[in-house]
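Asker: Before I ask anything, let me first share the structure, which is written out below as structure tokens.
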Amino acid sequence: MRWVVFLRAINVGGTNRCQPALIAKQLARFGVVNIGAVGTFVVREDVSESVLRTVFARKLPFKCEIMICPARDIIKLTSKDPFSGQRAGPDITRFVSVLHERLRALPPLPLSLPSEDDWLLKVIAIQGRFVLGLYRREMKAISYLSQIEKRLGVSATTRNWNTIEKVAKIL
């Protein structure tokens, strides 16, 4: 089975530093392709999730959460435009947060932070382990990303929608 691997909180603010391109090279036998500098990888060879989790953990000089999704889940997510009808532009970023596990119960949506009228971050949908949303390109908006985890009670790692689309093209 093909997979997509997301490492949580690497190369952010000078902590948990590693070289994703080097990791991909070291795991070439699994067909690992690195996407960017924040720990997103496509795995093109047939390998079990447990083996994959182990080999990635061994390559990291620190502990971090490793979210692994079947490639078919990413393909399904990108097959339709989940952001259709949402405002877009240079001042708004579309994002996907990958949850460590599925939620047992979905919260009411949309979830707008700090408020409905003056939002900096808005969660518009949750599909399986994927939280889809928008945030305004303002420094304060980033702080609201961590509130997604707190409100949902599950750890998550966030990627720009453009990164998810790049992953889908490689798949």
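The values are calculated or read from the model by the stated rules, or taken from the named source; none is laboratory data. Because the structure is a prediction, the values reported are computed rather than measured. Methodologically, a virtual Cβ is constructed for each residue, glycine included, from the backbone with ideal geometry; neighbour enumeration extends over all protein chains shown. The protein model used for the area step is the full one, side chains on, heavy atoms only, and it has no ligands, DNA or RNA in it. Shrake-Rupley method; radii C 1.70, N 1.55, O 1.52, S 1.80 Å.
Asker: In degrees, nearest 10, range 0 to 90: what is the angle between the Cα axis of helix 49-59 and the longest Cα principal axis of the chain?
Answerer: With rounding to tens, the tilt is 80 degrees.
Asker: May I ask you to give the solvent-accessible area per residue for the range 15-67, in square angstrom, as obtained with a 1.4 angstrom probe?
Answerer: On the way: 2940 Å² over 53 residues.
Accessible area per residue, the range 15-67: 55 Å².
Asker: Quick one: angle between helix 139-152 and the longest Cα principal axis of the chain, in degrees between 0 and 90, rounded to 10, please.
Answerer: Once rounded, the angle reads 80 degrees.
Asker: Does anyone have the angle between helix 161-170 and the longest principal axis of the chain? Alpha-carbon axes, 0 to 90°, nearest 10?
Answerer: 30
Asker: Treating only the Cβ of Lys, Arg, Asp and Glu as charged (+1, +1, -1, -1), what charge dipole size does the range 35-171 show about its Cα centre? Round to the nearest 20 debye.
Answerer: Values: 22 positive and 14 negative charges, 52 e Å.
The dipole of the range 35-171 has a size of about 240 debye.
Asker: Here's something else I'd like to know. Could you please state, rounded to a whole Å, how far the C-alpha centre of the range 110-161 is from the C-alpha centre of the range 11-69?
Answerer: Distance between centres, Cα-based: 25 Å.
Asker: Which pairs, out of Lys59/Lys140; Lys80/Lys150; Lys59/Lys80; Lys63/Lys169; Lys25/Lys63; Lys59/Lys150, put more than 26 Å between their alpha-carbon atoms?
Answerer: Over 26 Å apart, Cα to Cα: Lys59/Lys140; Lys80/Lys150; Lys59/Lys80; Lys63/Lys169; Lys59/Lys150.
Asker: What relative contact order, as a whole-number percentage, does the chain give when Cα pairs under 8 Å and 6 or more residues apart are counted?
Answerer: Rounded, it is 23 percent for the chain.
Asker: With a 10 Å cut-off between alpha carbons and a GNM built on the chain, which of Val38, Val55, Val123 moves the most?
Answerer: Val55
Asker: About the Cα centre, and with charges only on the beta carbon of Lys, Arg (+1) and Asp, Glu (-1), how big is the dipole of the range 24-99? Nearest 20 debye, please.
Answerer: So the magnitude is around 160 debye.
Asker: Quick check: at a probe of 1.4 Å, how many percent of the accessible area of the chain sits on carbon and sulfur atoms? Mind dumping the intermediate values first?
Answerer: Working: 4550 of 9230 Å².
Ligands and nucleic acids excluded, carbon and sulfur give 49 percent.
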